[in-house]
Amino acid sequence: MTKQRRTENGLSWIAGDHRPGFTLTLSEGFSPYELLRGVGADERHIVPLTNAAAYELLLRDQEDHISDLDFLDWEDEEAVARLTNGGFLPDPPDTIVRAGSVTGWAYALEEFHCHTGGYIAELSERGRAFCVHRNGKGFSRVDYALHGEVVTSFELGLPPLTNGAEADPVLRFVHSGDAIDDVSFLRFLEGELGLYIPWEETEAELASAAFDNG
């Protein structure tokens, strides 16, 4: 059943595959590199990482030797230097944002944290931008911006705080069924935007940037 869900069109599988927390950000008209630059990444320090490699980097202990990283040949000086210059090593970064693209949109995936949520207005300069975040306690929120302005920001399950534009699609969302709120909202976006992010693509290498929140 899981494999069947992952190959279907949509976005809602993301909430089921990323526990306990995740962030999905969508930016209309941007490329993956433009999205990462838009949230503060230096393009020289963006590197391709698989989902498994990003997890390893995030979850390693500071005192662990880089030889413990399964994805990395620690004797490859060029690769180690690239990761070090990008802030992935030697200390684990606070968060890693990985970005890809689907027709007309860039998307970003982030485990645990929500670095991209602070840049939602900038990411909407060419159209719409959405950020769906679930924290480690299971609370989910949505941020939505249009043409450089934040339209609404609200915790799923509570009334939205709006800034005009009553006809905007995010404001028409009504939770229905037994699904978790963020799963229900991602299903709603599937229908509104017609977007499909393949699970296989998100497991493979995507342009990635490391950030420290301190």
**OP:** Could you tell me whether residue 33 is touching a Gly at 6+ places or on another chain (Cβ under 8 Å) and either assigned to a helix (DSSP H, G or I) or not basic (Lys, Arg) (or both)?
**Re:** no
**OP:** For segment 79-86, state whether one or more residues are open to solvent by 60 Å² or more (accessible area, probe 1.4 Å), outside any loop (DSSP other than H, G, I, E, B) and over 22 Å from residue 213 (Cα atoms).
**Re:** no
Original post:
So which residues in segment 18-33 are closer than 17 Å to residue 205 by Cα and open to solvent by 40 Å² or more (accessible area, probe 1.4 Å)?
Top reply: 31, 33
Original post:
Which condition number does residue 76 fail, the rest of (1) more than 25 Å from residue 117 (Cα to Cα); (2) surrounded by 13 or more Cβ atoms within 10 Å (Cβ to Cβ); (3) out of contact with any Phe, Trp or Tyr (no Cβ under 8 Å at 6 or more places or on another chain) being met?
Top reply: (2)
**OP:** Those residues that are open to solvent by 20 Å² or more (accessible area, probe 1.4 Å) and either in contact with a Cys (Cβ under 7 Å, 6 or more places away or on another chain) or outside any loop (DSSP other than H, G, I, E, B) (or both), I need them from segment 95-113; list them, please.
**Re:** 101, 102
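The values are calculated or read from the model by the stated rules, or taken from the named source; none is laboratory data. All figures in this text were calculated on a predicted structure; none of them were measured in a lab. Virtual Cβ from ideal backbone geometry, glycine too; neighbours counted across all protein chains shown. Ligands, DNA and RNA are excluded from the accessible area calculation, which covers all protein heavy atoms including side chains. Shrake-Rupley method; radii C 1.70, N 1.55, O 1.52, S 1.80 Å.
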